[in-house]
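What follows is a set of notes on a single structure, which appears directly below.
The values are calculated or read from the model by the stated rules, or taken from the named source; none is laboratory data. Given the structure is predicted, the values throughout are model-derived calculations rather than measurements. Don't worry about glycine lacking a Cβ; one is built from the backbone with ideal geometry, like all the others, and counts go over all protein chains shown.
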Amino acid sequence: SELIRAKLPMAAEAAGQIGDAQVRNLGTIGGSLAHADPSADWPAVLVALDASVVVAGPRGERTLKVEELILGPLSTALEPGELLTQVRVPLPPARTAGAYEKLPNPASRFAIVGVAAEVSLDSRNAVQWARVALTGLAPKVTRAAKVEQALQGKAADASTVKTASARAAEGLELRPDLTGSAAYKAQLAAVYTERAVLRAVSRARER
């Protein structure tokens, strides 16, 4: 929708990269989160957006951050009898925006690597905070904590972003598979993180 494109451009662009037309028309955001595939797009985007979910079950409702919901590959904090009923995304403040960059598997369109970056700038164009979430690389969606720390308080220029992005895979339990080795995926993480953060910064400057 135009509202989502205006308020949450990262979510809108990620939606257009998911699977094929049938998947996009039949699948749901909540279904993707509850399935918890480690290469899915929505978990990374919603972690970067600091989203929460509402879960309803026999004992009532509870609210979880998306980071708390997903425990591992195809594993969530949902208890027997619980349903995910809502996804709540806070609207970003001024001078804050995100971007999603993805290298898709050519067959499934799942992410070989996907990076969702949300960046907030201050009046001097320095990074107030950043949330960077990676999918496709580890057993579950993971924050790139070293990148976030390296960006905070720094000028949001290309050199700073490149240096910070080189740390994207630090601390990750990378999953070597038919799409590439751990070393290859670490390099992909750096490249796609740099692209996502730079586009997020560019958007944030305009908001």
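Can you confirm whether Val45 is of a type in the set (Val, Ile, Thr), outside the structural domain of Arg131 (by TED's automatic domain parsing) and free of Cβ contacts under 8 Å to residues at least 40 places away in the same chain?
Working: of a type in the set (Val, Ile, Thr): yes; outside the structural domain of Arg131 (by TED's automatic domain parsing): yes; free of Cβ contacts under 8 Å to residues at least 40 places away in the same chain: no.
For Val45, the condition - of a type in the set (Val, Ile, Thr), outside the structural domain of Arg131 (by TED's automatic domain parsing) and free of Cβ contacts under 8 Å to residues at least 40 places away in the same chain - is not met.
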Query - Residues satisfying the stated conditions in the stretch 192-207, i.e. surrounded by fewer than 19 Cβ atoms within 10 Å (Cβ to Cβ) and of a type in the set (Asp, Glu) - result: Glu206
Query raised in the report: What is the number of the single condition among (1) of a type outside the set (A, V, I, L, M, F, W, C); (2) outside any strand (DSSP E or B); (3) buried (at least 17 other Cβ atoms within 10 Å of the Cβ) that Gln22 does not meet?
Result: (3)
